[in-house]
Amino acid sequence: MLKINEIFYSIQGETTYVGHPTVFVRTTACNLRCTYCDTKYSYYEGDFKSLDVILQEIESHKTCYVCITGGEPLLQKEVYTLMNVLCERGYNVSLETSGSKSIELVHPKVKTILDVKTPDSGAADSFLLENLSLANSLTEYKFVICSEKDFEWSEEFCRQHDLFKNFTVLYSPSFAQVTERWLAEKILQQNSTARLQLQLHKYIWSSEARGV
Ligand code: SF4
């Protein structure tokens, strides 16, 4: 059984799978409390569901993309079984994790997104450094940038661990703290090789509010 906050079908707004219709499985519980967290409702709310029920819900949607997110998915052991079964059934599986728990047991076909927490997230130093050596060619590193300090810190982290050369590195602006333009200019000015990542889903689902 896994405690699940929600299962929903939407457009993937992040990572190199951006734009794909995707089933999202959001697990309950998180060991961190990031300042900008927009999924606080996942900390406690949810229902226990069997693997069969979860798989049935996933299969009811006609897509081969599944994103396991949270909360922190790796807090529940049965999530590994879920990912293994999905990989065996041919799904493109992505996992969003803070990297504060070991990714050692994650199936090698899973695209793991390591969301390294920056100083202004309030959860810096939560990243488990042993995960650097457990990453594979599918792994992507994500940094949510809240400030100039965060930008500099992320650049240094990537240089120190040789991430730019070997992995996709994604920089996302913290939605209410810095603008997309500020981060774009910063990347260009500093000759960073990070990829600017906008959270596409926030633009899609706020288009009505913009009167478009
Ligand atoms: S790791 Fe994710 S779910 Fe947990 S507090 Fe941070 S932003 Fe929220």
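The values are calculated or read from the model by the stated rules, or taken from the named source; none is laboratory data. Not measured: the values here are computed from a predicted model. Every residue, glycine as well, gets a Cβ built from its backbone with ideal geometry; the counts of neighbours run over all protein chains shown.
List of remarks:
- No other residue among Val93, Val116 is among the aliphatic types (A, V, I, L, M), out of contact with any Lys or Arg (no Cβ under 6 Å at 6 or more places or on another chain), over 14 Å from Cys34 (Cβ atoms) and buried (at least 17 other Cβ atoms within 10 Å of the Cβ) apart from Val93.
- Residues being within 25 Å of Lys202 (Cβ to Cβ) and either crowded, with 17+ Cβ neighbours inside 10 Å or within 13 Å of the ligand (Cβ to nearest atom) (or both) - total across region 37-60: 11
- Against the test of being at pLDDT 95 or above, part of a helix (DSSP H, G or I) and closer than 26 Å to Ser174 by Cα, the options Leu86, Leu82, Leu32, Leu74 yield a single qualifying residue, Leu74.
- Scanning region 177-212 for residues that are farther than 22 Å from His20 by Cα and at pLDDT below 85 yields Ala209, Arg210, Gly211, Val212.
- Filtered residues of region 121-154 (kept if closer than 14 Å to Ile187 by Cβ and surrounded by fewer than 21 Cβ atoms within 10 Å (Cβ to Cβ)): Glu148, Glu152
- Lone qualifier among Glu72, Glu14 - being near the ligand (Cβ under 10 Å from one of its atoms), buried (at least 20 other Cβ atoms within 10 Å of the Cβ) and among the acidic types (Asp, Glu): Glu72
- Beta carbons closer than 9 Å, at least 6 apart along the sequence or on distinct chains, pair a first residue in region 51-71 that is among the aromatic types (Phe, Trp, Tyr) with a second that is part of a strand (DSSP E or B) and away from the ligand (no atom under 16 Å from the Cβ) for Tyr65/Pro21; Tyr65/Thr22; Tyr65/Val23; Tyr65/Asn92; Tyr65/Val93.
- Residues of region 17-36 that are in contact with a helix residue (DSSP H, G or I) (Cβ under 9 Å, 6 or more places away or on another chain) and surrounded by fewer than 16 Cβ atoms within 10 Å (Cβ to Cβ): Gly19, Asn31, Arg33, Thr35, Tyr36.
- Residue in region 100-113 that is buried (at least 22 other Cβ atoms within 10 Å of the Cβ) and more than 20 Å from His20 (Cα to Cα) present: yes
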